[in-house]
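The values are calculated or read from the model by the stated rules, or taken from the named source; none is laboratory data. Computed from a prediction, not measured in an experiment: that's the story for all the values here. Virtual Cβ from ideal backbone geometry, glycine too; neighbours counted across all protein chains shown.
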Amino acid sequence: MVLSQEVNVIPKVVPPEITRAQGLELYQDMVLGRTFEDMCAQMYYQGRMFGFVHLYNGQEAVATGCIKALKAGDYVTSTYRDHVHALSQGVPARAIMAELFGKATGCSKGRGGSMHLFSAEHNFLGGYAFVAEGIPVATGAAYSAKYRGTDQVSVNFFGDGATNNGAFFESLNMAALWKLPILYVVENNLWSIGMQHARASSVTEIYKKALAFDIPGYLVDGMDVLAVRRAAVTAIERARAGEGPTLLECTTYRFRGHSLADPDELRDPAEKDLWRKQDPIPKLARYLVEHQLATQDELQTIEDDTQTLIEDAVQFAQDSPEPPVDEITRYVHAEDE
Ligand SMILES: Cc1ncc(C[n+]2csc(CCOP(=O)(O)OP(=O)(O)O)c2C)c(N)n1
């Protein structure tokens, strides 16, 4: 009896679910997204960026958790809130910053701006201004992979507002019917500009919409990069095995207004405070230190190096040339190189 009691008090050692290298990669990627966008806010308010700029602060665990679970060659399709998805998919910070400055060295040659980032080289398929516009594109990429017999997977990010759009239902129907290798990732940040999700959707639990297509739907804590990664790994394995699509609803929150032009006066300060306390970046930092996967100093070095990288991206963007006016119609058609 005594022995079994003693056995019971020995704390169970739960090994961390990630390696040190994976942990550092996830941390570095989230810090990259956050630092890049904090710099965007500075540049925007200094008048060095134009048009609408929608930031992703607070939602980083979703991009990082999903995209860092992909293989080279997989596809990512985003929305107008696209900078961080592009960064996680490997589009260089310099090329994105230059695009936001409207420069010829930008990833869309300065023609796209914030909402139309694109990089064929990195299989980053945009950047879309219309709500739900990327969903059929990502579905088409998945169809193309299946048709060509590759093992590529397509990951598609969109907001809760997009799940009330016809393109969502049509695309998921086809993806389920044809068992396409795709992961639909809803970033449910509770708001569509100033419209609360609960006031706009007859079914508020978005993951349940998967039932309509007979595909798996999961509710995931989108403020926890490890929870997102776990769900993404399962869904990606299913897609690669030819078993079809998955719908992931990641609950998350944007820490800033809808765009940098939004004074963000509609959301309750208490709600904002509550979600800020769940910031995914310090949450992962605590996990890494507690599990002895990294020291505080190592994490600080990542933050410092990232700051340097982003400052370099701004300098690059600033020093880059404007697109020449006499080439204004270049790249309008696909054959223009
Ligand atoms: C088809 C379409 N309708 C309306 C708009 C105007 N609009 C821009 S952003 C937005 C809110 C979308 O919210 P959500 O999909 O939840 O994404 P979030 O901004 O929260 O990331 C709306 C209605 C649009 N861009 N496209």
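Among the residues of segment 230-270 satisfying the criterion of being farther than 28 Å from residue 100 by Cβ and charged (D, E, K, R), which is nearest to the ligand (Cβ to nearest atom)? It comes out as 249.
Out of 104, 95, 72, I need the residue that is of a type in the set (A, V, I, L, M) and assigned to a helix (DSSP H, G or I). Which one? When all the criteria are applied, what remains is 95.
Within segment 121-129, can one find any residue that is polar (S, T, N, Q) and within 16 Å of the ligand (Cβ to nearest atom)? Working first, answer last.
Initially, segment 121-129 is screened for residues polar (S, T, N, Q), giving 123.
Narrowing further to those that are within 16 Å of the ligand (Cβ to nearest atom): none.
Scanning segment 121-129, I find no residue that is polar (S, T, N, Q) and within 16 Å of the ligand (Cβ to nearest atom), so the answer is no.
The residue that is surrounded by the fewest Cβ atoms within 10 Å (Cβ to Cβ), counting only those in segment 228-275 that are over 18 Å from residue 187 (Cβ atoms) and of a type in the set (Lys, Arg), is 240. Looking across segment 265-302, the residues that are more than 27 Å from residue 156 (Cβ to Cβ) and either at pLDDT below 95 or of a type in the set (D, E, K, R) (or both) come down to 265, 266, 268, 271, 272, 273, 276, 277, 286, 290, 297, 298. When the test is whether a residue is in contact with a helix residue (DSSP H, G or I) (Cβ under 8 Å, 6 or more places away or on another chain), modelled with pLDDT of 95 or more and within 16 Å of the ligand (Cβ to nearest atom), residue 183 does not pass it. For residue 39, are the conditions met, namely being in a helix (DSSP H, G or I) and surrounded by fewer than 21 Cβ atoms within 10 Å (Cβ to Cβ)? Against the criterion (in a helix (DSSP H, G or I) and surrounded by fewer than 21 Cβ atoms within 10 Å (Cβ to Cβ)), residue 39 qualifies.
The residue that is nearest to the ligand (Cβ to nearest atom), among those in segment 198-210 that are of a type outside the set (Val, Ile, Thr) and farther than 19 Å from residue 156 by Cβ, is 200. Here residue 96 passes the criteria (1) touching a helix residue (DSSP H, G or I) at 6+ places or on another chain (Cβ under 6 Å); (2) within 14 Å of the ligand (Cβ to nearest atom) except the one numbered (2). Somewhere in segment 58-76, is a residue within 16 Å of the ligand (Cβ to nearest atom), modelled with pLDDT of 95 or more and over 20 Å from residue 306 (Cα atoms)? Yes, some residue in segment 58-76 is within 16 Å of the ligand (Cβ to nearest atom), modelled with pLDDT of 95 or more and over 20 Å from residue 306 (Cα atoms).
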